[in-house]
Amino acid sequence: MRLNAFLAACGVASRRKAEAIILGGGVRVNGRIVLLPYFTVDPERDDVQCDGRRLVLSPPVYVAMNKPPGVVCAMTDKYDPVVVDLLPERLRRERVYPAGRLDRDSEGLLILTNDGTVAQNILHPSKGVTKEYEALLNIEINERQMERWRGGFEIEGRHVAPLCLAMLDREPRGRWLRIVIGEGLKREVRTMANRAGFSVQTLIRRRIGRMVLENLQVGEFVELSFSELYTKIFEGG
């Protein structure tokens with residue numbers, strides 16, 4: 001098993017962040033510092049330590065949560081509560097972490113897991129896992145403005161456009177939008193709204209892949225098996 005994948009599977013960090021930890025000299029294999037993220041280790045035989053703590057392969061855990069606003073998608077934060085604090089101790093012990101982000105003020109569907117491969121598959125644009133949001137704008141938007149938004153904007157040096165942008169039949173009229181994106185850049189929906197001349201007052205993620213947020217109150221979560229998660233996100237069903 002590759003070393004960066006092993007760290008991710010142990011819940012240390014995502015594969016990308018695990019690579020940085022390895023390159024920074026924070027990982028030892030059988031007593032020796034290893035600087036190669038793709039170094040092969042045997043989880044059953046090798047002694048792998050990260051910052052002095054021996055790593056043991058954790059059983060995979062998959063959680064779907066309705067994230068409340070005011071909570072940060074992180075393991076720790078100096079100023080705000082974090083999503084893992086909403087989980088019981090038995091799940092926190094398995095070192096689950098958010099597979100992607102919702103900013104502090106946003107709410108809705110969030111996947112937490114200690115399975116680095118699944119997290120990477122959810123996040124990487126090449127896997128085609130789209131995300132759907134409902135956004136309440138500060139003022140009404142007209143069709144001409146929506147058409148401009150559909151054309152996209154330059155964000156972080158690339159052209160970014162929604163896969164779908166449509167008006168929702170909801171009060172207050174003309175201010176609720178359905179937005180589908182495929183890349184998931186940091187604060188992508190809010191940034192596009194700002195570029196279009198609006199601000200987002202409420203942002204709710206309703207769907208990841210084919211998994212739709214339903215029957216979960218704000219702050220609630222449900223544990224899923226691998227097959228349930230994979231089927232709902234990647235295959236439907």
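This model, with +1 at the C-beta of Lys and Arg and -1 at the C-beta of Asp and Glu, gives the chain a dipole about its Cα centre of some 440 debye.
Farthest towards the positive end of the charge dipole of region 24-147, among the residues TYR97, LEU86, VAL29, is the Cα of VAL29, using unit charges on the Cβ of Lys, Arg, Asp and Glu.
Spin-label model, TYR230/THR76: points 7 Å from Cα along the beta carbon direction are separated by 3.4 nm.
Across the protein chains, with a 1.4 Å probe defining accessible surface, the residues ASP115, ASP169 rank ASP169, ASP115 from largest area downward.
Can you count the Lys pairs in the chain whose Cα atoms are under 16 Å apart, with each pair 8 or more apart or on different chains?
On the way: LYS67/LYS131; LYS127/LYS232; LYS131/LYS186; LYS131/LYS232.
Eligible lysine pairs with Cα atoms under 16 Å apart amount to 4.
Can you pull the accessible area of ILE33 for me, 1.4 Å probe, Å² to the nearest 10? Accessible surface of ILE33 is approximately 90 Å². Per atom type, the chain shows carbon and sulfur on 47% of its accessible surface, probed at 1.4 Å.
Once you list every other residue whose beta carbon is under 9 Å from the beta carbon of ILE181, what net charge do they have if Lys and Arg are +1 and Asp and Glu are -1?
Values: positive: LYS131; negative: GLU132, GLU183, GLU188.
After counting each charged neighbour, the total is -2.
Accessible surface for TYR97 stands near 20 Å², nearest 10, in the context of the full protein assembly shown (1.4 Å probe).
Rolling a 1.4 Å probe across the protein heavy atoms gives the chain an accessible surface of 52 Å² per residue.
Dipole of region 58-174, Cα-centred, from +1 at each Lys and Arg C-beta and -1 at each Asp and Glu C-beta, to the nearest 20 debye? Display every interim value, and only then the final one.
Numbers: 16 positive and 18 negative charges, 70 e Å.
Dipole of region 58-174, to the nearest 20 debye: 340 debye.
Sort THR113, THR191 from largest to smallest accessible area, using a 1.4 Å probe on the heavy atoms of the protein chains.
Numbers: THR113 0, THR191 35 Å².
Largest to smallest exposure gives the sequence THR191, THR113.
Match the structure shown to one of the listed values (i) 0.98; (ii) 1.02; (iii) 0.95 of Rg/Rh (Cα atoms, Kirkwood Rh), computed from it, and give that label. Evaluating Rg/Rh (Cα atoms, Kirkwood Rh) on these atoms matches (ii).
Could you work out the helix-only [θ] at 222 nm for the chain, with each DSSP H run of four or more residues adding -39,500 (n - 2.57) and the total divided by the number of residues, to the nearest 500 deg cm²/dmol?
Mean residue ellipticity at 222 nm (helix-derived): -5000 deg cm²/dmol.
Would you mind calculating the relative contact order of the chain from Cα pairs under 8 angstrom and at least 6 residues apart, reporting the percent as a whole number?
Working: 464 pairs, mean separation 48.0, N = 237.
Relative contact order for the chain comes out at 20 percent.
Spin-label pair GLN145-ARG104: with each label point 7 Å from Cα along the Cα-Cβ axis, the two points sit 2.7 nm from one another.
The values are calculated or read from the model by the stated rules, or taken from the named source; none is laboratory data. In this text, all values refer to a predicted model and were calculated from it rather than measured experimentally. Here the Cβ is made from the backbone with ideal geometry for all residues, glycine too, and neighbour counts use every protein chain on show. Side chains included, ligands, DNA and RNA excluded: accessible areas come from the protein's heavy atoms. Shrake-Rupley method; radii C 1.70, N 1.55, O 1.52, S 1.80 Å.
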